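A quick write-up on the structure given underneath.
The values are calculated or read from the model by the stated rules, or taken from the named source; none is laboratory data. These figures come from a predicted structure and were not determined experimentally. Reconstructed Cβ throughout: ideal geometry from the backbone, glycine too, with neighbour counts over all protein chains shown.
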Amino acid sequence: MSDPIIDIRYVAKLAQIALTDEEIERFGAQLGDLLQHVAALERLDTERVAATAQVVESRNILRDDVARPSLDRETVLAQAPQRQGKFFRVPRIIGE
Amino acid sequence: MNERYEPVIGIECHVELKTATKMFCGCCNEFGGEPNTKICPVCLGLPGALPVPNRRAIEHIVTVGVAFGSTIAEFSKFDRKNYFYPDMPKDYQISQYDMPVAAGGSVKYWIEDGELRECRLTRVHLEEDTGKSTHAGSTDGRIAGSEYSLIDFNRAGVPLMECVSEPDLRSAQEAVAYLEALRRTLLALGVSDVKMEEGSLRCDANVSVRPVGSSSYGTKTEIKNMNSFRSVERAIASEVARQIAIVESGGRIEQETRGWDEINGVTHSMRSKEEAHDYRYFPDPDLVPLEISPAEVRRVTQTLPELPAQRFERYTARYSIAPRQTAQLIDNPALAGYFERVLALGARPAQAINFVLGDLSRLANETGVAVAESAVTPEYLSGVIALVEDRRITSKVAKDVLARCWHGEGAPAAIVEREGLARQSDTGALVPLVDQMLAAHPAVVADYRAGKQNVLGFLVGLVMKASRGTADPVVVKELLNERLSSG
Amino acid sequence: MPASNELLERSAAEIAAAVNERRVSAAEVTRATLERVVATEPNVGAYLTVLAEAALAEAASVDRRVAQGERLPLAGVPLAVKDNMCLTGSRTTCGSKILEQWIAPYTSTAVARMLAAGAIPIGKTNCDEFAMGSSCENSALGITRNPYDLLRVPGGSSGGSAAAVAAFEAAIGLGSDTGGSIREPGAFCGVVGFKPTYGRVSRYGLIAFASSLDQIGPLTRTVEDAALTYDAMAGFDPMDATSVQEPVEPAAPALRDDLHGLRVGIVREFDPGALGGAMDALYRAAYAGLERLGAELVEVSLPTAEYGVATYYLIAPAECSSNLARFDGVRYGLRVAGRDVRGMYDATRAAGFGEEVKRRILIGTHALSSGYYDAYYVRAQKARTLIADDFRGAFASCDLIACPAASCPAFRFGAKSDPYSMYLMDYYTIPMSLAGLPAISVPCGWVQPPDGNEPLPIGLQLCGPLFAERLLLGAAHAYERATNHRATHAPLAQRLTA
């Protein structure tokens, strides 16, 4: 964990954000810096500590299988960046 | 079947659960409907929306787990599976990663000769379905070559149950038998419509081959895009053959995803140029864990209906009914119920099954009325069977009586009485009939005396017909023999 | 009948009383507020969207209800809503280009409960983009200035709501607090900023930043107003599975006049000596003030608290990287064309997100990615447990904890250009967020900065155990009543407007 070099290109690809070369370099430096600070966590003894899953201790917060009103299609599609009739339209999907 | 190599197959199924509403919101869960009308902030992934799990979906998956003998986790949770795709409203899917609701268990399935086999399950977990995209602008509606895509989010958020099997299956036929057993059980439990044509059952196969006798695993490929059980069988068979051919010629199997091409009957590599997905699973902070108590599991266990595999064993082992006939019954719960009622009234299984799957099913097809809803009640059928057993009517007459009963002519006993269809065994009554027949067909008699013994059957048939089927065929045959040999 | 204008500078409680008693109508209060907004906004810039029409319509409705005999806890009270909370028909931007034109088709539960209580939504306030920031400078859509010194930041991320309340453009501001985003701007703008226990207020309709940390809370001019707001909003919501079913004991009726019988923990690791002479003196005076009110001061230790910032800046970005994936140009918001859908994603998110948001998405994605998940995300969640354990230990020997709300008063625009120096602004507030504890910032004095002419407010932070809102607000009220620091100076913005 002590190696704080982040592969910004790979991470940006996962996050689907286009970055310029300049940004890749700048963010690389800034986030590398952050990770240097974060490395302090290595000093903590977390061997026998449970990770906090949730602050609340609730269990089984569920809902009954009962219908609720849906949104009006026109209201929603009116704000779609691109629509075609009753559908949302997106540019072609290449591969998976 | 290749003798040197055996297939090793595992099946991964996605089953849409039958609930009134979606997994994490109150939108309707219904097949079809106008596009983009069953959407809300939650299932559309609007900013600020939050998921709340559907109690019924959880009940369903617990029921399924118990039915397959899985271990139900006392403590399970939801995780986010992160990836971008236009039919994913949040660009992550709420699923279960390392703590699924159910683990282990097995699906009992049966093959052609009736042998019951078992395929172990790895896990069963809950997740949400994606929206549906149609690809436009290409010549075949497929994604490659399309210019744009249209998305309908009605299906987004529908509860999905993923069943992963161990690679215990050893042929394409077994894979289909497994799927059929899975399907029957889920139908019997009422948790899904399991219709491949509607997308409520989807499956992928993991296929590899290895030398017969080996216990290690070969490289596997994942086969997708199989849209029917027939496709599954053909696709797996095709892939097995492809892999064996490669291995036998000294080649290496690539670990990849392959899509089944229904039209050309082959699988194609779907290998994308990107790396394998890094889904960055982490526990969904918008949801709290599920606790399913042992008491709850016991309650579900006690209220399970009889499962198809149990019914299969009962019919084949206890009633000695042939597997193919058993399978027909199991696929039709109403018919099976009818059959059981007939048995309960004392009829022998062999008799009952023959009439139910034979004459009655034929009548059902002809008239469009289900057997269980016809005028031939279980009481009537068992009555007819008793009449045959007691030799009061012949089996030929039984067919006629059932048909008349079906068409509303009343109770079988009354029909027999009214139409005078009682079996005639009395030689006194039959002798005139026999003599009449012999007198009317001198050429046939001559044939017989000339050595053509098989015309006897023809003569028996004539007498039967003349007697409207009531003549006891055994007695008729005896009488004919007597008459013909005596010259 | 009190002049509506004068009424605008009173508390929400007083406004509600006046409207309920029909000494003034909600419509009049609303009109006066809208006028004040017009006059003040050129200087302060608290609002991204003013909802004049909706406000007047809502006011008319409140007046009808009051006329029919209803007593509404927040009748006619002008409400500023941070622009990361959905309100049907209102532009809801999160301070981001990617939602610059988005109109919410539904209302968040918290806001709905405020409206049910009679509050009038005056407008949507500016904030750091997607609530990521401590100064409001990260907003892509506007600049908000500190009403006490227009060359300084109002704090963040709920800077707009804090400024609106401080400048009398609303009586209650709703903010959201993830690592200090209510408490810190509250301190910077000389108002009360309150973050309830995690799960007390529904997050349904709050546009998520870090799901396990976000909480909605009030920014108000008095602790009593914060209590009234909390009482109106708190409670289980079936639309939010993380909202708690713990019964809500109303806080407004339990406000205290003194602190007798209470033990207040002073955190050894949070020695104000580290903050320089002026701040040190003010905090020591504040602690002494608590003692004068009858509190017994005890020293407590939070040894893991120093790891709070590191812990937070792994967990919050990780969650936000996933929460912000939905902003992809497909269904709503900004879309920038691409050669294919992935190209569209890349271009849309590059254009739509600002720098800080990108930074956090990147670091969060990295922390969750294969090979790093255990070393970063899981380890941080374990550190979080240790921090929560520290608090549990501390609360064994005290009822409340007192410490600074921020390490300095409001700084000048551009002063914290290094990202990490900005992250340190949350140093005192992050540990409470990680533990999910209720915490409040109350004005506790004034500092004359070396680089400015105007006296600047600072805030005392009080924190309680889980679900101890009643006790916490009660104690904060006692301190506020005895010290009344707000009265010492009027905001520059007010002087400029008058």
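Listed residues C:Y312, C:Y345; which is more than 20 Å from A:I17 (Cβ to Cβ) and at pLDDT 95 or above?
C:Y312
Could you list all residues from segment A:1-27 that are assigned to a helix (DSSP H, G or I) and either farther than 24 Å from B:Y279 by Cα or more than 9 Å from chain C (Cβ to nearest Cβ) (or both)?
Matches in segment A:1-27: A:R9, A:D21, A:E22, A:E23, A:I24, A:E25, A:R26.
In segment C:290-304, which residues are in contact with a helix residue (DSSP H, G or I) (Cβ under 7 Å, 6 or more places away or on another chain) and buried (at least 19 other Cβ atoms within 10 Å of the Cβ)?
Selection gives C:L290, C:L293, C:V300, C:L302, C:T304.
Could you run through segment C:84-130 and say how many residues are within 11 Å of chain B (Cβ to nearest Cβ), buried (at least 24 other Cβ atoms within 10 Å of the Cβ) and more than 15 Å from C:S202 (Cα to Cα)?
Here the count works out to 8.
Select the strands (runs of 3 or more DSSP E) contained entirely in segment B:55-112, then report the ones holding at least 1 residues which are within 20 Å of the chain's Cα centre (by Cα).
In segment B:55-112, the matching strands (runs of 3 or more DSSP E) lie at B:106-110.
Check off (1) in a loop (DSSP other than H, G, I, E, B); (2) under 13 Å from the mean Cα position of the chain (by Cα); (3) not polar (S, T, N, Q) for C:R200 and give me the number that stays unchecked.
Answer for C:R200: the failing condition is (2).
So how many residues does segment B:128-170 have that are farther than 27 Å from B:E59 by Cα, more than 9 Å from chain A (Cβ to nearest Cβ) and either in contact (Cβ under 8 Å) with a residue 60 or more places away in the chain or crowded, with 24+ Cβ neighbours inside 10 Å (or both)?
Looking only at that region, the number is 4.
State whether one or more residues within segment C:231-238 are surrounded by fewer than 24 Cβ atoms within 10 Å (Cβ to Cβ) and over 28 Å from C:A16 (Cα atoms).
yes
Could you list all residues from segment B:42-56 that are under 15 Å from B:D286 (Cα atoms) and within 10 Å of chain A (Cβ to nearest Cβ)?
B:V42, B:C43, B:L46, B:P51, B:V52, B:P53, B:N54
Inspect all residues belonging to segment B:470-480 and state whether any of them is part of a helix (DSSP H, G or I), assigned by TED's automatic domain parsing to the domain that holds B:I353, among the hydrophobic types (A, V, I, L, M, F, W, C) and at pLDDT 85 or above.
no
Output the number of residues of segment B:74-97 satisfying the condition of being in contact with a helix residue (DSSP H, G or I) (Cβ under 9 Å, 6 or more places away or on another chain) and more than 14 Å from B:D286 (Cα to Cα).
9
Any residue at all in segment C:353-364 that is of a type in the set (V, I, T) and closer than 19 Å to A:I5 by Cα?
Yes, the conditions are met somewhere in segment C:353-364.
Restricting to segment B:30-52, what's the tally of residues that are surrounded by fewer than 24 Cβ atoms within 10 Å (Cβ to Cβ), under 24 Å from B:E198 (Cα atoms) and at pLDDT 95 or above?
Looking only at that region, the number is 4.
Which one of B:E6, B:E59 is surrounded by fewer than 23 Cβ atoms within 10 Å (Cβ to Cβ) and within 10 Å of chain A (Cβ to nearest Cβ)?
Testing whether each residue is surrounded by fewer than 23 Cβ atoms within 10 Å (Cβ to Cβ) and within 10 Å of chain A (Cβ to nearest Cβ) leaves just B:E59.
Within segment C:376-390, can one find any residue that is out of contact with any strand residue (DSSP E or B) (no Cβ under 8 Å at 6 or more places or on another chain), under 18 Å from A:Y10 (Cα atoms) and either modelled with pLDDT under 95 or not β-branched (V, I, T) (or both)?
Within segment C:376-390, one or more residues are out of contact with any strand residue (DSSP E or B) (no Cβ under 8 Å at 6 or more places or on another chain), under 18 Å from A:Y10 (Cα atoms) and either modelled with pLDDT under 95 or not β-branched (V, I, T) (or both).
Go over the candidates C:E246, C:E169 one by one and state the one that is farther than 16 Å from C:G474 by Cα, at pLDDT below 95 and either within 14 Å of another protein chain (Cβ to nearest Cβ) or assigned to a loop (DSSP other than H, G, I, E, B) (or both).
None of the other options fit; the residue is C:E246.
Is it the case that some residue within segment C:210-220 is modelled with pLDDT of 95 or more, over 13 Å from the mean Cα position of the chain (by Cα) and not hydrophobic (A, V, I, L, M, F, W, C)?
yes
May I ask you to list the residues in segment C:352-361 that are closer than 19 Å to A:R9 by Cβ and assigned to a helix (DSSP H, G or I)?
C:E355, C:V357, C:K358, C:R359, C:R360, C:I361
Does segment C:260-279 contain at least one residue that is among the β-branched types (V, I, T), closer than 14 Å to C:Y479 by Cα, at pLDDT 95 or above and buried (at least 19 other Cβ atoms within 10 Å of the Cβ)?
Looking through segment C:260-279, at least one residue is among the β-branched types (V, I, T), closer than 14 Å to C:Y479 by Cα, at pLDDT 95 or above and buried (at least 19 other Cβ atoms within 10 Å of the Cβ).
Mind checking which residues of segment B:432-457 are in a helix (DSSP H, G or I) and either surrounded by 14 or more Cβ atoms within 10 Å (Cβ to Cβ) or at positive phi (or both)?
Of everything in segment B:432-457, those that are in a helix (DSSP H, G or I) and either surrounded by 14 or more Cβ atoms within 10 Å (Cβ to Cβ) or at positive phi (or both) turn out to be B:L433, B:V434, B:M437, B:L438, B:V444, B:V445, B:D447, B:Y448, B:V455, B:L456.
Take residues that are surrounded by fewer than 24 Cβ atoms within 10 Å (Cβ to Cβ) and free of Cβ contacts under 8 Å to residues at least 12 places away in the same chain and tell me which of the helices (runs of 4 or more DSSP H) falling wholly in segment C:378-492 contain 2 or more.
Filter on segment C:378-492 gives C:379-394, C:419-423.
Going through segment C:21-74 one residue at a time, which ones are among the hydroxyl-bearing types (S, T, Y) and either in a helix (DSSP H, G or I) or closer than 20 Å to C:T88 by Cβ (or both)?
C:T30, C:T33, C:T40, C:Y47, C:T49, C:S61
Can you list the helices (runs of 4 or more DSSP H) lying wholly within segment B:319-400 that have 3 or more residues being within 21 Å of B:L307 (Cα to Cα)?
Those helices (runs of 4 or more DSSP H) span B:323-330, B:333-344.
In segment B:289-305, what residues are charged (D, E, K, R) and touching a residue at least 60 places away in the same chain (Cβ under 8 Å)?
B:E291, B:E296
Do you know which of the residues in segment C:110-159 that are in a helix (DSSP H, G or I) and more than 15 Å from the chain's Cα centre (by Cα) is farthest from C:C94 (Cα to Cα)?
Only one residue tops the list, namely C:A116.
Among the numbered criteria (1) more than 8 Å from every other protein chain (Cβ to nearest Cβ); (2) touching a helix residue (DSSP H, G or I) at 6+ places or on another chain (Cβ under 6 Å); (3) of a type in the set (F, W, Y), which single criterion is violated by C:Y307?
Unmet for C:Y307, out of (1) more than 8 Å from every other protein chain (Cβ to nearest Cβ); (2) touching a helix residue (DSSP H, G or I) at 6+ places or on another chain (Cβ under 6 Å); (3) of a type in the set (F, W, Y): (1).
List the residue pairs whose Cβ atoms are under 6 Å apart, where the first residue sits in segment C:330-350 and is facing chain A (nearest Cβ under 7 Å) and buried (at least 24 other Cβ atoms within 10 Å of the Cβ), the second is in a loop (DSSP other than H, G, I, E, B) and among the β-branched types (V, I, T), and the two are 6 or more positions apart or on different chains.
C:R349/A:I17
Residues that are exposed (fewer than 14 other Cβ atoms within 10 Å of the Cβ), facing another protein chain (nearest Cβ under 7 Å) and either under 24 Å from the mean Cα position of the chain (by Cα) or outside any loop (DSSP other than H, G, I, E, B) (or both): does segment A:57-66 have at least one?
No: zero hits.
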